[in-house]
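One structure, as structure tokens, below. Some questions next.
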């Protein structure tokens, strides 16, 4: 083998070893769960993870309901929208405080800012006014509460942490009432009544 061929073969083998080592280490890294703000790494199948994830999502959703409710009180054209917004501020502020107490007792760190999706929805709604705002807000509230009810039912049924599960169970009737009111509001602002 020529000297040039030998050097090329060495380079090829060296690169192959580096690539193999990189892939091996990457696989090991991806297989291990990452630590969270609230403590050591947990596997996705860990029931505590589901309860913690629920609590964090509920906190973000609750913050969004308050912030968007304030926006509805300010920008709503219809008295139905203004009243619903006030109800969201009142009920979700109370639920948020209850959840903070539960999270504190259970050593769950809750987020303090809106998630990206809720922030985008807020930003979109804040650019609207009049009837366009009312229709968009009402539609969002119906969709949001449908999703919330599904998540709270799941936690109420399957939750492993009794405090988080209890929060979900206790809050569910309020969310169901909100959905009923949101549907009525949507009907009124869309000209259905």
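Testing the spin-label approximation: label points 7 Å from Cα along Cα→Cβ at residue 115 and residue 184. State their distance in nm.
Output for this residue pair reads 3.0 nm.
For the stretch 110-127 and the stretch 131-193, what is the centre-to-centre distance using only Cα atoms, to the nearest Å?
Centre-to-centre distance over Cα atoms comes out at 17 Å.
Oh, and also: If one computes P(r) from the Cα atoms of the stretch 133-193, what percent of pairs lie at distances over 19 Å?
For the stretch 133-193, the share of Cα pairs beyond 19 Å comes to 37 percent.
Can you tell me the relative contact order of the stretch 48-189? Whole percent, Cα pairs under 8 Å, sequence separation 6 or more.
31
Given the peptides 119-127, 55-63, arrange them by the average over their residues of other C-beta atoms within 10 Å, most packed first.
55-63, 119-127
Additional query: Hey, could you pull the Cα Rg and Dmax for the stretch 48-189, both in Å?
So, for the stretch 48-189, Rg and Dmax equal 14.9, 45 Å respectively.
No value in this document is a laboratory result; all are computed from the given coordinates. In this text, all values refer to a predicted model and were calculated from it rather than measured experimentally. Here the Cβ is made from the backbone with ideal geometry for all residues, glycine too, and neighbour counts use every protein chain on show.
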